[in-house]
2 protein chains.
Amino acid sequence: MNLRSLSALAAGCVLLATPTRSEEGMWLFNDPPRAQVKARYGFDLTPAWLDHLMKSSVRFNSGGSGSFVSGDGLVITNHHVGLDALQKMSTAEQNYARTGFYAATAAAEVKCLDLELNVLQSITDVTPRVNAAVPAGAADDAAAAARRKVIAAIEKESREGTGLRSDVVTLYQGGAYHLYRYHRYTDIRLVFAPEQQAAFFGGDPDNFEYPRYDLDICLFRVYENNQPVRSAQFLKWSAAGAAKGELVFVSGHPGATDRLLTVPELEFIRDQRFPYQLATLNRWEVLLAAWGARSDENARRAKDDLFGIQNTRKVRDGALAALQDPVFMAAKASAEEKFKQRLAAAAAGAPALAAYQRIAVAQRRVNEHYLRYRYLELGSGFFSDSFAIARALLRAGDERPKPHGDRLGEFADARHESLELDLFSDKPIYPDYEILKLGDSLTDLTEKLGYDDPLVRQILAGQSPRARAAALVLGTRVRDVAERRRLYQGGAAAVAAARDPMIELARLVDPEARTLRKLMEAQDEVKQQAQAVIGRARFALEGTSNYPDATFTLRLSYGTVKGYEEAGKPVAALTDFAGLYRRSAEHHDREPFDLPPRWIERRAALALATPLNFVSTCDIIGGNSGSPTVNRAGEFVGIIFDGNIHSLASDFGYDDSQCRALSVHSAGIIEALRKVFGAGALADELVNGHR
Amino acid sequence: MNLRSLSALAAGCVLLATPTRSEEGMWLFNDPPRAQVKARYGFDLTPAWLDHLMKSSVRFNSGGSGSFVSGDGLVITNHHVGLDALQKMSTAEQNYARTGFYAATAAAEVKCLDLELNVLQSITDVTPRVNAAVPAGAADDAAAAARRKVIAAIEKESREGTGLRSDVVTLYQGGAYHLYRYHRYTDIRLVFAPEQQAAFFGGDPDNFEYPRYDLDICLFRVYENNQPVRSAQFLKWSAAGAAKGELVFVSGHPGATDRLLTVPELEFIRDQRFPYQLATLNRWEVLLAAWGARSDENARRAKDDLFGIQNTRKVRDGALAALQDPVFMAAKASAEEKFKQRLAAAAAGAPALAAYQRIAVAQRRVNEHYLRYRYLELGSGFFSDSFAIARALLRAGDERPKPHGDRLGEFADARHESLELDLFSDKPIYPDYEILKLGDSLTDLTEKLGYDDPLVRQILAGQSPRARAAALVLGTRVRDVAERRRLYQGGAAAVAAARDPMIELARLVDPEARTLRKLMEAQDEVKQQAQAVIGRARFALEGTSNYPDATFTLRLSYGTVKGYEEAGKPVAALTDFAGLYRRSAEHHDREPFDLPPRWIERRAALALATPLNFVSTCDIIGGNSGSPTVNRAGEFVGIIFDGNIHSLASDFGYDDSQCRALSVHSAGIIEALRKVFGAGALADELVNGHR
């Protein structure tokens, strides 16, 4: 499991994804809800307005969103999006995550190890070309291969023609394919981070709750050729910020939604995927919390993983609660049944009905093999950086010589720079922590696949899971970046000659892991094609009023700054600094409600009524973390950092009665920068739009 | 699951239970290791010495051990054994567990709500009478019923004849039955408890670790007829306490060991019982930790459960690690195989070999039904006090009218006073905490038994697990003690007429739960009989050099005060107060390494070189918590409170190379009472043996 993707928050809102109601929707920038917004708010989403917002929005490849907020390359995101980078640059002596950081001068800015930012430049519909490349009536495997091939060709052509990162994105479950071209930045330097205590005030207990009081921000400066990027494509800062009742927009990268899943697919998630994942997250949370409590240094090493685990655990818990709700599931089933009846009555409904059948069959195959797939291929059995690197090196040796279109997805040309950035990262890897994690995963693997399973016996090689983990971690050389480079460059022969125990473990597991992956990808392909058939039928019946499920590509949401009711009591839309100090006092200033020293010392200087956080009805989900919230003028009025507890099922549906997106308020950011952090120059740059 | 039994610690040591080696053994007081101790240490365990130690030893029915340490009824145990009682008498305003307590006068002593202490008075072998009551060749069910009946008769007869609590204990897997008669005390008053911070210094991170620095003690006074119990049966206090290299004894109530289990039984524990339990413990630990972090009051309410959960989690983790170790399992398998070969070669070995077969068959039946049994009968699906009470009321109505011998075990006459004490306890039950726990268990139940399972659908009654839990907890009246009494006295008719939703839930589940329990008890009976056959064959082949597995009855262990090696480095046998302050400083005095204020203020007054904790090679396990450690003179030199990390597989075997039992040192207790707590009068009572 890639934990960086866990650090993306998941939010959005409960219920069903039948025709768009309320303020539901994660809209494409090339197909915006122009008519709806015009009708409801009298506001026109002009192409120029959209283009500027698009080019000011940033994707953090580590799993999050952000935006340019000055003409001198300043990018704002969440602290929890930047955390991975802060963690990687930290040492036992200098802990950027805990103590925070401010570079008052350009020289003081610190370069990140392996952060990649993407800025979307254009969207092109390539559906006809992709569909034309798939022979009519092709078998699923052949269709998938043909589609992969044409997509790779389009991406390569575009990249070579424009120099831009080029990704073909599958939308509407395969109903459409759009080419997204990004400007790619890799020289990213840290400018400002608050203390994690302030960014994540209230910690796991307050995570996904509201009211909140979090300064969940982090500022980077983007460089090219060793100079800050200078551009007019940035968001003007609103000093007043968001006001109650105001129309706002969110421009960001929602990671994934599943609002059009069929009932058998939802049942699989309810009965296997989420329960298995929650069981793993629970055991990891207990493992890391207990180990972290043994010493400060342990806690520092585990902090980033632990945060991601707790975050995802809450998300999955909330979503599973909806899926286990008979009312929710009955509504999903009934909506599907009604749609099938419409299909049955329609002239051209038969293929879509058959597609439902194919999905059900494919899902049954997935169900049968999912457990082993999860443990052997998805990484539940080998939780450690060392194994992930060892497998990447092994597979790089096997995959890179193949023709582009035949490779495993992560070895596609379009991803190879990102892959190398990741593989050769200087991020520290600690043997004791690796042994802890791998030992626990091998224990779990032994439980789940069975002590007598032949592959498990080979994996353990006659040792107990913990002893085996220690032998593997202490025996491998993959923690040495130079060794990684050598093996990567040397290819399969060098990898085999190394006889590295961790790589040999990856090799041992690889035949079955690859078989399972192939099987799963084949079912995905069946489902994708079937969903495309259903999707086209849905369009035919329901028109184009729907947005596609989220795909970690740029989307536009809209909504209102608005409170809600909780157990019959009103919850106000905005919080302020006074509330922050109140909540801290309620908890005797104890962790995770403790405030860093300067927040206590400088309290008197703060205008305590300044807004700090606010909620809106915008439809968001994990990956939207760090998205700018903007007003009609396209000005930055806040930054998304979380969803409330009611939003945790929004993967599957949306309802705006209680579900809210949480933002840090732009006025609160300026107040904190000036009064708490003495970062007046940075606040000036934000307000003025340049240094 | 009864969490009070979780608060018993599990300790002891790794390896195999073939003929007694090293200092292995939890010996019966009526069959002590007199020859071995004489041979090895030149010390004679005389009947008088043993009788005095036996009558000075105390069993805490809530799950632990203790001893009389003054002629005025003073009993010492561990803080973590007393914790359940401290918790029950605490309120939001007065938290005995957190702040500690000292009653300087008799009037200040606080009565516990539902604590029961037992003091063993005699042991009588009743094996012939029990065996005679079971007809030769009886079917398993009939045999079990006959045995239950005769045991009930013996217990009743003894109780009525002596006025003493009378329990027939099954030993040697059914090879022997001994009648244990106890003096039973229920008026127990709190005299002294340190702050939990001091008792459990280092918390979960240091639990089962060594070196340690815990003042894990708690003192109660036992009353009868409103007067302290005055008796000469108490342990003289050793002011000097345990010394390095000294022979020591432990007299306590080890809960359960499984050192003679067959390979299929061990495989079941490895593949089902421990993994299922660990998964449940992990989810509960995460649930309670997250909820406890929301407010101080939440944390107080969850503290006792959370401690029990973390404690058991470490124990199970350690034991599972041994069971998943191919070396350990291969040794177990080989020992069993060798014994079977001896049986095959012996004239009368055939019945024992057949018994192994019967165990294997019975185990397969258990394996098939264990998951549902665990969720429906053992309580994994209904984690809440309300459900436990509701079920007890329902079953009391059904069971109490039956003839004594036909009832479920917990409704036997011998247990009815304990049952009522528990059922009518004034222990506070908090609805929000109940909803949290029950909601999570119903979620887990839905996952494990399946959303579409007919019984699960009936249990959820059309609601989501959390909504259903809220409806049940808010709708039931079983939290009202008067209502409980009314229903208990009114019997089945009153229980039915109440139409209480929680009781009706228990009723819904009861048919299958009872069927599963009957099936499991039948398999236990098969195994018990088969183990008795094997046991007898073992005695025939190996003599009586072995002790029986632990049964939460009084046992004697012996060993030496002795350090050990850890990763090649020596670990000293004793720690002192200086080490306590050092460890706290290493952790910046932060929780759980923080010291209470008076410990910091009074540091200068302490003789820092006074011993605080020590380790010995005594063979102990969960339930031994609070056992006195005594010297040759039978004097109290310390009190068992934990085992080290190497001891966690001792359920299945023992090896004294690294495994150690941890005690609080008697000198350290006196030093802390006088210098830290200003409890000079109490220290005087201990040293002088009277007030």
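Odds and ends about this structure:
- Rounded to the nearest whole Hz, the Karplus-based 3J(HN,Hα) values (6.51 cos²θ - 1.76 cosθ + 1.60, θ = phi - 60°) of region A:31-37 follow the sequence 8, x, x, 4, 5, 4, 5, with x at glycine and proline.
- In this structure the amide hydrogen of residue A:191, modeled in the peptide plane, comes within under 5 Å of the amide hydrogens of A:219, A:220, A:221, none closer than 5 places in sequence on its chain.
- A Cβ-based charge dipole, computed about the Cα centre of region A:492-642 with Lys and Arg at +1 and Asp and Glu at -1, lands at about 240 debye.
- Simple rule: put +1 on each Lys or Arg Cβ and -1 on each Asp or Glu Cβ in region A:253-319, find the dipole, and look at A:306, A:272, A:282; the Cα lying farthest toward the positive end is A:306.
- With a Förster radius of 41 Å applied to the C-beta separation of residue A:156 and residue A:508, the computed FRET efficiency comes to 0.75.
- Amide proton proximity set for residue B:224, modelled H, under 5 Å, gap of 5+: B:229
- Panel order for A:236, A:38, A:437, by other beta carbons found within 10 Å of each beta carbon, from fewest to most: A:38, A:236, A:437.
- Cut-off 16 Å (backbone N to label point 7 Å along Cα→Cβ of residue B:515), residues of region B:129-173: none
- Remark on residue B:656: its backbone amide H falls under 5 Å from those of B:23, a criterion applied only to residues 5 or more positions apart or on other chains, H modelled at 1.01 Å from N.
- Site pair residue B:582 and residue B:427 shows an inter-label distance of 4.0 nm when each label is modelled 7 Å from Cα along Cα→Cβ.
- Cα coordinate range in region B:263-540, projected on the principal axes (Å, largest first): 65, 46, 37
- Calculated on the alpha-carbon coordinates, the convex hull of region A:379-543 measures out at 155 cubic angstrom per residue.
- Summing Cβ point charges (Lys, Arg +1; Asp, Glu -1) relative to the Cα centre of region A:379-543 gives a dipole of roughly 220 debye.
- Pairwise label distance in nanometres, residue A:690 with residue A:633, each label 7 Å out on the Cα-Cβ vector: 1.9
- The 3J(HN,Hα) values that the Karplus relation (6.51, -1.76, 1.60; θ = phi - 60°) gives for region B:603-611 are, in residue order, 3, 4, 6, 7, 7, 5, 7, 5, x Hz. Gly and Pro appear as x.
- Rg/Rg_globular for region B:325-430, with Rg_globular taken as 2.2 N^0.38 Å and Rg from C-alpha atoms: 1.65
- 3J(HN,Hα) from dihedral phi, region A:464-479, Karplus parametrisation 6.51/-1.76/1.60, rounded to Hz, x for glycine, proline: 6, x, 6, 5, 5, 4, 4, 4, 5, 5, 6, x, 6, 10, 6, 6
- Approximating the spin labels as points 7 Å out from Cα along Cα→Cβ, the residue B:125-to-residue A:483 distance works out to 6.4 nm.
- Modelled FRET efficiency - R0 51 Å, residue A:371 with residue A:341, Cβ distances, 0.05 increments: 0.90
- Distance between region B:177-246 and region A:305-379 - C-alpha centres, whole angstrom: 56
- Förster-model FRET efficiency, 30 Å R0, residue B:333 and residue A:497, C-beta, rounded to 0.05: 0.20
- Taking max minus min of the alpha-carbon positions on each principal axis, region B:220-294 gives extents of 49, 43, 33 Å, largest first.
- Rounded to the nearest 20, the size of the Cβ-charge dipole of region B:263-540 about its Cα centre is 540 debye, with Lys and Arg at +1 and Asp and Glu at -1.
- In units of the compact-protein estimate 2.2 N^0.38 Å, chain B shows a Cα radius of gyration of 0.94.
- From its DSSP helices (H runs of at least four residues, each -39,500 (n - 2.57)), chain B gives a residue-normalised ellipticity at 222 nm of -15000 deg cm²/dmol.
- Rounded, prolate or oblate (a/c below 1.5 giving rounded, otherwise prolate when a/b exceeds b/c) for region A:267-410 by Cα gyration tensor: oblate
- Candidate lysines for bridging to residue A:675, where Cα separation is under 23 Å - those fewer than 8 sequence places away on the same chain excluded: A:236
- Simple rule: put +1 on each Lys or Arg Cβ and -1 on each Asp or Glu Cβ in region B:263-540, find the dipole, and look at B:318, B:537, B:430; the Cα lying farthest toward the positive end is B:537.
- Ranked A:665, B:183, B:416, criterion: other C-beta atoms within 10 Å, fewest first: B:416, B:183, A:665
- Neighbour-count ranking [beta-carbon atoms within 10 angstrom, fewest first] of A:677, A:249: A:677, A:249
- For region B:296-379, applying the loop criterion from DSSP together with a ceiling of 14 other beta carbons within 10 Å to the trypsin sites (Lys or Arg not before Pro) yields no site.
- Long-range Cα-Cα pairs in the protein assembly as shown (distance over 62 Å), rounded percent: 18
Taken together, the values in this text are just the output of simple stated rules run on the coordinates, not laboratory data. Predicted, not measured: the structure shown is a model, and the values here were computed from it. FYI the Cβ positions are ideal-geometry reconstructions off the backbone, even for glycines, and counts take in every protein chain you see.
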